Amino acid sequence: MAVAIGTGVTLGLVGLLAPQQRREQSRNESSLLSKPPVMDWLDDAAKGPAEQNALTPAPPSSRKWDSPLLKACPASDPALQQRLMAMPLQLRTIQADPSNYGERTMVDAHGQRIDPTPAVIVLHETVYSLGSAVNTFTTPHPNDNDQASYHTLVGQQGEIVQVVDPSKRAYGAGHSAFDGRWVFTSKHFSGSINNFALHVSLETPADGMGPGAGHSGYSKAQYDALSRVLADWLVRYHIEPRAITTHRHVDQGGARSDPRSFDWRELQKRLTAMGLVC
Ligand SMILES: [Zn+2]
């Protein structure tokens, strides 16, 4: 490959984001840099309720999520249960550059009060290595189109890296919706689930680093660590297990396919062992 590895990797990761997603992120940041969102809301207040309603976009038309987790109840494996229950949540925390994430907002771009409590968990994959992903998120991205982040990364060895605190809004899925819900954080961009989502991304194995329909899948250590992260989020935010979904499903642009080669049975076994489903 002619490009330097670092550059190629960074561009590759950002390449996972659909154009609409980039625009959503661009809006987040450009509105902060120029006209604050509050000015838009004040404009609306001056226009009166009728005009405000006329400006409120219609809800998204998204397919109902049919969770693979709830299709069967596997027999609980006592050894697996013991191992997972004894597994502490060991987070390695890195500090993402502030250009790559934002605050969760309690008022949308149309002046409506909204609930920023995390209510959906989105699974992703990095496509490139864990180190490359960390490098991308810790690098300042003044260009809106390059801004991206997940809350947490899970490496092939089962290492858990917290990139963005769950209380903040990670830029994981721009033009997106879940079960008919999205949020407009600015009027100039499409709706997104980021304001009420948690994003976790699995490190892609070596044979999947690039485009392609699939790869050899994720390691047992990754499924263990992912289950531990999800258990924490499900309990902490009272999220229903059925609201664990994929970037492929929530993406409204139709361009996302991650996480590829994800085995829901591996996740189901572990969440069942921890008493979180079935
Ligand atoms: Zn993704």
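The values are calculated or read from the model by the stated rules, or taken from the named source; none is laboratory data. Please read all numbers here as calculations on a predicted model, not as lab measurements. Neighbour counts are summed over all protein chains in view; Cβ atoms, including those assigned to glycine, are modelled from backbone coordinates with ideal geometry.
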Notebook entry, point to check: Counting only residues that are touching a helix residue (DSSP H, G or I) at 6+ places or on another chain (Cβ under 7 Å) and among the β-branched types (Val, Ile, Thr), which one in the range 178-219 is nearest to residue 133 (Cα to Cα)?
Noted result: 200
Checklist line | Residue count, the range 142-167 (criterion: of a type in the set (Asp, Glu), assigned to a loop (DSSP other than H, G, I, E, B) and touching a helix residue (DSSP H, G or I) at 6+ places or on another chain (Cβ under 6 Å)) | finding: 0
Checklist line | Residue under evaluation residue 238, criteria (1) in contact with a helix residue (DSSP H, G or I) (Cβ under 9 Å, 6 or more places away or on another chain); (2) more than 14 Å from the ligand (Cβ to nearest atom); (3) not acidic (Asp, Glu), criterion not met | finding: (1)
Next item on the list: Name the single residue, out of those in the range 246-273 being more than 11 Å from the ligand (Cβ to nearest atom), outside any helix (DSSP H, G or I) and modelled with pLDDT of 95 or more, that is surrounded by the most Cβ atoms within 10 Å (Cβ to Cβ).
Entry: 262
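One line per residue, one yes/no per condition, for (1) more than 17 Å from residue 251 (Cα to Cα); (2) in a strand (DSSP E or B); (3) of a type outside the set (Ser, Thr, Tyr):
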residue	(1), (2), (3)
128	yes, no, no
140	yes, no, yes
188	yes, no, yes
198	no, yes, yes
217	yes, no, yes
229	yes, no, yes
Check: residue 243 passes all but one of (1) of a type in the set (Gly, Ala, Ser); (2) within 16 Å of the ligand (Cβ to nearest atom); (3) in contact with a strand residue (DSSP E or B) (Cβ under 6 Å, 6 or more places away or on another chain); which number fails?
Finding: (2)
Checklist line | Identity of the residue in the range 108-125, closer than 26 Å to residue 65 by Cα and among the aliphatic types (A, V, I, L, M), that ends up farthest from the ligand (Cβ to nearest atom) | finding: 114
Next item on the list: Given the conditions (1) within 15 Å of the ligand (Cβ to nearest atom); (2) at pLDDT below 95; (3) touching a strand residue (DSSP E or B) at 6+ places or on another chain (Cβ under 8 Å); (4) not hydroxyl-bearing (Ser, Thr, Tyr), report the number of the one that residue 191 does not fulfil.
Entry: (1)
Margin query: Here is a check on your reading of the model: is residue 174 farther than 17 Å from residue 93 by Cα, touching a residue at least 60 places away in the same chain (Cβ under 8 Å) and part of a loop (DSSP other than H, G, I, E, B)?
Written below: yes
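Does residue 133 fit the bill of being assigned to a loop (DSSP other than H, G, I, E, B) and either in contact with a Gly (Cβ under 9 Å, 6 or more places away or on another chain) or within 16 Å of the ligand (Cβ to nearest atom) (or both)? Steps first, please.
On the way: assigned to a loop (DSSP other than H, G, I, E, B): no; either in contact with a Gly (Cβ under 9 Å, 6 or more places away or on another chain) or within 16 Å of the ligand (Cβ to nearest atom) (or both): yes.
No; evaluated as a whole, the condition is false for this residue.
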